[in-house]
Structure formats: structure tokens, C-alpha cells
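Scroll down for the structure; my scribbles are underneath it.
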Amino acid sequence: MKLLNAAVFFILVPTLTRALDPLSTSIFMGGAAVAWQLLSPHSWLKCSLLDCCNMKDTLNLSAIRMDLEQKVFGQHLAIQIVLRALSANMYSKWPRKPLVMSFHGWTGTGKSFVSNIIAENLYQLRIPRRRFVHHFSTVLHFPHLSHVHLYKEQLQNWIRGNVSACPRSLFIFSEMDQMPHGLIDSIMPFLDYHEEIDGVYYGKAIFLFLNNAGGDKITEIALDYWRRMKRREDIPVKKLQSLLSEEIFRNRSSGFFHSQLIQKNLIDYFIPFLPLEYKHVRECVREELRVQGHPEDEDLIREIASAMTDYPSEERLYSSKGCKTVASRVTLSI
């Protein structure tokens, strides 16, 4: 049908344009081309002006890599795993299951920041596709324990409906450590190995879980390496992922306590976000000064980073808030 419409269009255009002067002809042809682009379901012009789901225009991996390497500090393990996972998902024509990643670490270490970078680059055209990025805040969307059965039904319907509309949908669940027990297991069918469920293919969807739970375990391991004069870059990621999985499964405040998602190995990657050291906080302050349009001030950078590096109380090696309060501190200090 598309080819037939195109043929009719290009047959009629010469007939219609004979009676027009060159300027009118140019305007007519230009308008016709724009109209043709807007009527096409996945045209570049339509997708530039409107939200549209185009499976051929997906995951701007080069932009994600650049943003992660230039804007995320002290998280070499997380960056490596995220890039590897996204690359494998992107280059697989029909993934057997959705990509599921669980981010763990102290507040302010970059979990939300990394998820935002992925969301901003979900498609090759660097245009926000807000319709296809779904952010669930536990405190906002699931506040009442007595309504868990209702939340389960609503969550299933929301995921089913949105993946039906666009297979490359991104679902972000923040504050997982406050998630009502058992709620997250309601989405288990969508994360499992299925070709389709009721005619809907879920393999191109991405699920991200952001969780403060496990942060103490990650910090304990990092601190142990530092005290033994070993580099944090040498922490074995596979061992850390295994410890995280066990820790989260046993933790009643993780959102994954005895979860079937862990029992059935449906979470592909448990990604550790390491505690930030003084040098990492310095880079956060430097970047915030740039973002706010201020010149670099080494004395101010040193002052803010030193004040934020407070854990453990003896060594003062890490920032217990990560870089979370850097923006406000810079604003107050200028």
C-alpha cells in the first residue's frame, strides 16, 4: 500500500506542477515532501517533532559511553557492566528476555544519574522520548502497604500496555529499598524467558532497579581493600555481584527479600556503585562549577570536598552522601 501511494503521488506531481511557476513548484514540492514525511509512521522528521517508537532507531550507545566516561566519577565497575550489558542487548536482534539491571550503593554515588543518562539516550536521535521512559518512585507511586494487590494489577497493566505500544520501553524503579514486600514479583512474567506473552514481545524492554540496600556491604569491601593497600580497581566484579545477590535476597529492606526475581535468576546484573573518595567528590564539585557557569576555584573545590569526606570517622576516606549535596553546597558557597 505504501508503494502504491508513493507511485500515485509521483505520477500526479508532474501533472500538477506544469501550471505552476518555478517558485510555486518549489514550495509545492517542499510542502509535499514534508507532508509525506509526517504521514510516514517512522520518518526521521516525524520522530524529530513528535514522540514515536522506531525499533530501527534505538540506544545511542556511543553517546551513553561518552556521558558515562566524562560525567560519572569513581564508578569504573558500574560503567563497564552497564556498557557491556547495553551493547549485548542492542546488538541482539531478538533478545530472549528483557535487560534487567539492579543498581546498588550509597545515596549520591550515581545510580539515578546513570539511569538518567540511559533514558536520555534511549534512541539514536537525541530527542527525549518521555512516552517510552517510565519512572516509578516507591514513595510516590506505592505508598500504602494495604494497597499492594491493587498496585500489582496496576503495574502489570501499565507495563503490558506500554510495551505493546513500544517494545523499546525503559522502566526505572527508584527507592527499591522501600518497595512493599512482594510487589516487585508481580512483574516476574515480563522479565522471564518468553518469545511472547499474549502476543506481546518484551525482549527489547529495559528494567532498572535503584537500591540503597547493599551499599554498606559494598563500602565494607572497598574499605577492606583500601586498608590492605589494594586498589579499588582490583575488586573482582563477579565476586561482588555474587555477594550483592545474596545480601539483597536476605535483606528485608531491599525490596527483593526472598524475591522470585532473584530465585529464578531474572536479574541479569547486580551493579555495585562504590563509595566516593575525596578525589571523586572534587571532580563532582569541579563539574558542578562548570554546569553553574562559574570558573574553577581550587580552594573552593578543596573546601567542599574536604567537608563532605566524612566516613569512617577516623580515616575520613569516603563521602557518606556521595555527591548528592554538591550542587547546593556550590550554590551556597558562590
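Out of Leu261, Leu243, one residue alone is open to solvent by less than 10 Å² (accessible area, probe 1.4 Å) and either out of contact with any His (no Cβ under 8 Å at 6 or more places or on another chain) or on the phi > 0 side of the Ramachandran plot (or both). It is Leu261.
Count of the range 271-330 residues, restricted to those that are within 27 Å of the chain's Cα centre (by Cα) and either in a loop (DSSP other than H, G, I, E, B) or at positive phi (or both), is 12. Being under 19 Å from Leu244 (Cβ atoms) and surrounded by fewer than 23 Cβ atoms within 10 Å (Cβ to Cβ) holds for only one residue in Glu195, Glu175, and it is Glu175. Scanning the range 55-76 for residues that are surrounded by 14 or more Cβ atoms within 10 Å (Cβ to Cβ), more than 16 Å from the chain's Cα centre (by Cα) and part of a helix (DSSP H, G or I) yields a single hit, His76. Determine the pairs where a residue that is in contact (Cβ under 8 Å) with a residue 60 or more places away in the chain and acidic (Asp, Glu), located within the range 259-278, has a partner that is open to solvent by less than 60 Å² (accessible area, probe 1.4 Å) and part of a strand (DSSP E or B) with Cβ atoms under 8 Å apart, the partner being 6 or more residues away or on another chain. Qualifying pairs under 8 Å: Asp268/Leu99; Asp268/Val100; Asp268/Met101; Glu277/Tyr318. Restricting the search to strands (runs of 3 or more DSSP E) fully inside the range 82-200 and requiring at least 1 residues that are among the aromatic types (Phe, Trp, Tyr), modelled with pLDDT of 95 or more and closer than 30 Å to Glu277 by Cβ gives 99-105, 170-174. Against the conditions (1) buried (at least 16 other Cβ atoms within 10 Å of the Cβ); (2) within 30 Å of Pro167 (Cβ to Cβ); (3) free of Cβ contacts under 8 Å to residues at least 40 places away in the same chain, Lys204 satisfies every one except (3).
Within the range 214-243, residues that are under 15 Å from Gly105 (Cα atoms) and β-branched (Val, Ile, Thr) have Cβ atoms under 7 Å from residues that are open to solvent by 30 Å² or more (accessible area, probe 1.4 Å) and in a loop (DSSP other than H, G, I, E, B) in these pairs: Thr219/Trp106, counting only partners at least 6 apart in sequence or on another chain.
Could you grab the pairs with beta carbons closer than 7 Å, sequence gap of 6+ or different chains, first residue in the range 80-96 and farther than 16 Å from Ile118 by Cα, second one open to solvent by 90 Å² or more (accessible area, probe 1.4 Å)? From residues that are farther than 16 Å from Ile118 by Cα, the pairs are Arg96/Tyr193.
Of all residues in the range 135-172, those satisfying the criterion of being crowded, with 19+ Cβ neighbours inside 10 Å, over 16 Å from the mean Cα position of the chain (by Cα) and closer than 23 Å to Gly215 by Cβ are Thr138, Phe142.
Just a yes or no: is a residue in the range 295-318 among the charged types (D, E, K, R), closer than 15 Å to Phe73 by Cα and open to solvent by 50 Å² or more (accessible area, probe 1.4 Å)? For the range 295-318, residues among the charged types (D, E, K, R), closer than 15 Å to Phe73 by Cα and open to solvent by 50 Å² or more (accessible area, probe 1.4 Å): absent.
How do the pairs read when you match residues in the range 320-331 that are closer than 12 Å to Gly108 by Cβ with residues anywhere that are open to solvent by less than 40 Å² (accessible area, probe 1.4 Å) and among the aromatic types (Phe, Trp, Tyr), using Cβ under 7 Å and keeping only pairs 6 or more apart or on different chains? Going by the 7 Å Cβ cut-off, the qualifying pairs are Ser320/Trp106; Gly322/Trp106.
The values are calculated or read from the model by the stated rules, or taken from the named source; none is laboratory data. The structure presented is a predicted model; accordingly, all values stated were derived computationally and were not measured. No Cβ is skipped: glycine too gets one built from the backbone with ideal geometry, and neighbour counts run over all protein chains shown. In case anyone asks, the SASA skips ligands and DNA or RNA and just uses the protein heavy atoms, side chains included. Shrake-Rupley method; radii C 1.70, N 1.55, O 1.52, S 1.80 Å.
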